[in-house]
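The values are calculated or read from the model by the stated rules, or taken from the named source; none is laboratory data. Model, not experiment: these values are computed from the prediction. Every residue, glycine among them, receives a Cβ derived from its backbone with ideal geometry; neighbour counts consider all protein chains shown.
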2 protein chains.
Amino acid sequence: MSKDNIRVLALGGAGSIGRNMWVLEYGNEIIIFDCGIMFPEADMFGVDLVLPDINYLRDKTDRIKAILLTHGHEDHIGAVPHLISDLGFPPLYGTGLTLGIVKGKLKEHHLLDKASLVTISDHETFQVGSSTVEAFPIAHSIPDAVGFGVTTPVGLVIYLTDWKFDHTPVDGVPTDIAKLAEFGERKPLLLITDCVRVETPGHTPSETTVGEAFDSIFAVAPGRIIMATFASNVGRVQQAIESAEAYDRKVVLVGRSMENISRIALDLGWLRAQERTLIRVHEMGQYPDDQIAIVCTGSQGEPMAVLSRLANRDHTHIKIKSGDTVVVSATPIPGNEISVSRVINNLFRLGADVIYGGRAGVHVSGHAAQEELKMLLALLRPQFVVPFHGEYRHQILYRKLALGVGGFFTPEQILLPEDGSVMEFRPGYGRIVDKTPVGYIYVDGTSVGDVNKVVVRDRQMLSKDGILMVVASIERATGQLVAGPDVVSRGFAYMRQNSDLLEATREVIRDSLTQRNGSQTQTDSAFVNRKIKEVVSDFLYQKTRRRPMVLPLVMEV
Amino acid sequence: MSKDNIRVLALGGAGSIGRNMWVLEYGNEIIIFDCGIMFPEADMFGVDLVLPDINYLRDKTDRIKAILLTHGHEDHIGAVPHLISDLGFPPLYGTGLTLGIVKGKLKEHHLLDKASLVTISDHETFQVGSSTVEAFPIAHSIPDAVGFGVTTPVGLVIYLTDWKFDHTPVDGVPTDIAKLAEFGERKPLLLITDCVRVETPGHTPSETTVGEAFDSIFAVAPGRIIMATFASNVGRVQQAIESAEAYDRKVVLVGRSMENISRIALDLGWLRAQERTLIRVHEMGQYPDDQIAIVCTGSQGEPMAVLSRLANRDHTHIKIKSGDTVVVSATPIPGNEISVSRVINNLFRLGADVIYGGRAGVHVSGHAAQEELKMLLALLRPQFVVPFHGEYRHQILYRKLALGVGGFFTPEQILLPEDGSVMEFRPGYGRIVDKTPVGYIYVDGTSVGDVNKVVVRDRQMLSKDGILMVVASIERATGQLVAGPDVVSRGFAYMRQNSDLLEATREVIRDSLTQRNGSQTQTDSAFVNRKIKEVVSDFLYQKTRRRPMVLPLVMEV
């Protein structure tokens, strides 16, 4: 690659463009920003996780100089244990909390020995190949988050995602505005930044406003308080602890990821509690209900997380009862609305009072709203901007917003890539120059990649009208039917009530096989299969207006 | 049934309790309120419509004196053509527009001759058996909507759903507050009312505020305007027509239901347009783009509706292009967020400007918010209230809200039924006394009821991990394997890349069949099937942590 340009591309996002992994190339040097997982979209049936597609990097792993991790959320670090080996174990740079969480994952996958981790401070400056990297602190919904300024020989690239201008963050570390202003003085070539909240006017409220809402709940709740949030939202957990301490409650942390991340955050000092505030589940019995606060996972209605289990009376140690106050300290991620809604209904049914929704003040976003996005552009005035971590409509609205900021920008300066768009930049030049095929890698159960888009498409078809299998045995020599046809269906029609339809289907198959035998004496099971599929599909559509998957299985005996 | 009480129950709602159909019984007389369809929930795979379960009424059809229809929305009238025959064709009472829409449906189902329709005015008083029914006009998102006051020998029952206090409705007919005050004077026994918007503080804005937003869009749009809304929202269509007329645009109505309902509304005078405002699709070419407004269906991202087709470049006559302004004049119904979002992204991709979302002012709800719900209670002061058309959490919040209204109510006066809860009322007495089983009737394709919960559960299983079929032929006499085992899967794993796994699965089956033959010489295909299912399921779970449906098909030859 020419050394006049840098090349930039997004590898993965699943509906939220570029959300999970970025590649920055200069000459023979590659820097990767983040390495996260995506959560499957609603029609990716049965898929547990989606990984970025690293195909573009497969023949270039020797050039990868570093993976720079911004913060400890799954969509930014979750793919590390799945992909680090295929990427050739390049060094992972991240702050203490971020790498603390990564370490736990690598350990689980027995990869900790092979990985090379470089802990940086939130103001660290370090060299990666011919580029100088400057980390700077940002406020988000997890502590110890950073952005990166990368001074390449071609120009300064700023990668800044999942941030807001919180001037009163819970951890006391706001987004470093002075650093951003300094970057601005250096005339950055490129800003790569998140635009997911561009639809929201104004300014995202500070995380500490949630603490005020917690206080007013903790002040009056008659029994236990059960607060569900993201395990990684350490600031939220911190505020629950502080409200509990203010109102004389003990705090129980429940849920695997809640316990894991809180332990790491406590060790590193990002989470603070007075001695004896935190107790174990089995110690709850020693305190009256109005001295208990349970902080747990499950705010997204995830079926296996604590809050869903509580709502389904499926938790071993904790049963919801009248007098409990449940606080859902999160808003549903798009696609989760229905499952969250079911959990809330069930909690009410079990007698709890449930506090939820934006108006209750128990959640704020970790992302910048319109005025913050504008402020960033005014501070940095980069030559080019790549808005990402949003859908296409967010990118379009971001471009509109940028065009309104003090006349700095022309439409050509705001590039709107898709996953796989290859962009090249040099001073005065920024373009999408190519598109590399970027798909998804599905993780289902323990296997990575053997569930692909063909399999998912089959699941979509199966979910719609089910499947109908036709089994028959024919004599190899004569093509004569010796057993069957049997017809079995799942997800198509209730078989006990549809014996007529099934018998008619068998009849249609028998007819078609007889016709075949008339014109053709040689057996040809591929032909027979195709023929059965065709006549059965047509027949069933005509009778029911449904199109089940038809699968003929003809055996030769 | 005793003549001291009335009995009330909800037959259907699918997640939104009682939304679609209510039964009021006095002695041997039954009055039905509404007869609507539900839209399937996200996990009711492949189901097109859900009908209320009328099992409770099957042996009582001779007692049904009337079906009183409140308004022309699908969730209140859509089940009429599917159920009217099973209900024994009782007379259908409704206003002109409501019955106009019902007539179209009955005609399509070739039932118009058999049905008995009684058109009422929005202030009609009429006798049904021993009860007097008083209709009264209400403001909602479709014109000619009414509520009903039913004076039974036991007391006055008010059925009031899908309403708001719009003092400046587009059709000039507000909710009749004087009538409600008069009902209040008569000390109503029971109010059955919708609570779906109880989470929203304040007062729902008037429908006419949308016209103001339309005007400001129509004033500046550089090219065509394409406005999507519910076909039944005649007031919305009316306002688009008025804005078009104010800014010299022709209006094209596109989409089957949009054309149908608009034609009925035009005939009845609920929709008004100047001569030559409305043009046909094929006439659009005669006008410049900035003189065109297209009003169409598809605001919920429904795949076959006009807006989705436009977003997918799948409409024969209309292609989206740069300069088009698309207005999505609706908010996504819960569960439709993702599909609406995809449509918006694609419209932006095709170059359109898209105006959407609550903040743009292009949609308001047709349902009452908190202050209106309180106002209604203050006006009516009924002895008992049954809040419905919401999830359980809405009912709970409604009860909280009611308890705050001037000290009129105790918790016992606000009954929270589920679908199938049987309630009895008389002056001073109101209770849930019983529960009748109420399920769902699924409509899939042309068939009603043969897709039941077993079939839907199979579809859910199939969508998760797919299916794996095992086919084998054994000799009837000896139990000897003569062909197979063959293994075929769909939606489980990509077979071309998993020949090892499939071969190993075949091996496991062969082993298990051999073992069987050792201990047992007689063939028993049920036993063989069960055995195969068990060993294959265990084997695959152990290898992949996935649980496909395993379907053994053993043929005896």
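Couple of notes before you dig in:
- For region A:188-236, a tally of residues being of a type outside the set (A, V, I, L, M) and within 14 Å of chain B (Cβ to nearest Cβ) returns 6.
- Filtered residues of region A:135-169 (kept if part of a loop (DSSP other than H, G, I, E, B), within 21 Å of the chain's Cα centre (by Cα) and not hydrophobic (A, V, I, L, M, F, W, C)): A:H140, A:S141, A:P143, A:D144, A:T161, A:D162
- Across region B:105-123, the number of residues qualifying as of a type outside the set (V, I, T) and surrounded by fewer than 16 Cβ atoms within 10 Å (Cβ to Cβ) comes to 10.
- Considered as a group, the residues in region A:149-172 that are of a type in the set (V, I, T) and in contact with a helix residue (DSSP H, G or I) (Cβ under 9 Å, 6 or more places away or on another chain) include one that is nearest to A:R186 (Cα to Cα), and that residue is A:I158.
Conditions tested, residue by residue: (1) at pLDDT 95 or above; (2) within 19 Å of B:T152 (Cβ to Cβ).
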residue: B:S2; (1), (2): no, yes
residue: B:F33; (1), (2): yes, yes
residue: B:P40; (1), (2): no, no
residue: B:D43; (1), (2): no, no
residue: B:V47; (1), (2): no, no
residue: B:R58; (1), (2): no, no
residue: B:L97; (1), (2): yes, no
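Here's the yes/no breakdown for (1) in the same structural domain as A:G351 (by TED's automatic domain parsing); (2) within 32 Å of the chain's Cα centre (by Cα); (3) in a loop (DSSP other than H, G, I, E, B); (4) aromatic (F, W, Y):
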residue: A:G223; (1), (2), (3), (4): yes, no, yes, no
residue: A:I226; (1), (2), (3), (4): yes, yes, no, no
residue: A:S232; (1), (2), (3), (4): yes, yes, yes, no
residue: A:M258; (1), (2), (3), (4): yes, yes, no, no
residue: A:R263; (1), (2), (3), (4): yes, yes, no, no
residue: A:Q274; (1), (2), (3), (4): yes, no, yes, no
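- Subset of region A:317-352 (residues that are free of Cβ contacts under 8 Å to residues at least 40 places away in the same chain and charged (D, E, K, R)): A:K319, A:E337, A:R349
- Looking across region B:443-458, the residues that are part of a strand (DSSP E or B) and either crowded, with 23+ Cβ neighbours inside 10 Å or facing chain A (nearest Cβ under 7 Å) (or both) come down to B:D444, B:S447.
- Boolean, B:I31 is surrounded by 24 or more Cβ atoms within 10 Å (Cβ to Cβ) and outside the structural domain of B:N336 (by TED's automatic domain parsing): yes
- Members of region B:421-440 that are buried (at least 20 other Cβ atoms within 10 Å of the Cβ) and under 24 Å from the mean Cα position of the chain (by Cα): B:S421, B:V438, B:Y440
- Among the residues making up region A:4-17, a single one is at pLDDT below 90 and closer than 15 Å to A:I31 by Cβ: A:L11.
- Residues in region B:185-201 that are within 22 Å of B:Y26 (Cβ to Cβ), more than 21 Å from the chain's Cα centre (by Cα) and not in a loop (DSSP other than H, G, I, E, B): 2 in all.
- In region B:459-498, the residues that are buried (at least 19 other Cβ atoms within 10 Å of the Cβ), of a type in the set (S, T, N, Q) and farther than 30 Å from B:F45 by Cβ: B:S473
- Selection count, region A:490-505, where residues are in a helix (DSSP H, G or I), out of contact with any helix residue (DSSP H, G or I) (no Cβ under 8 Å at 6 or more places or on another chain) and within 14 Å of another protein chain (Cβ to nearest Cβ): 4
- In summary, A:G479 fulfils each of the numbered conditions (1) assigned to a loop (DSSP other than H, G, I, E, B); (2) away from every other protein chain (no Cβ under 11 Å); (3) at pLDDT 85 or above with the single exception of condition (3).
- Residue pairs whose Cβ atoms lie under 7 Å apart, separated by 6 or more positions or on different chains, with the first residue in region B:386-409 and in the same structural domain as B:I432 (by TED's automatic domain parsing) and the second of a type in the set (K, R) and assigned to a helix (DSSP H, G or I), are B:Y392/A:R349; B:L401/B:K374; B:V405/B:K374.
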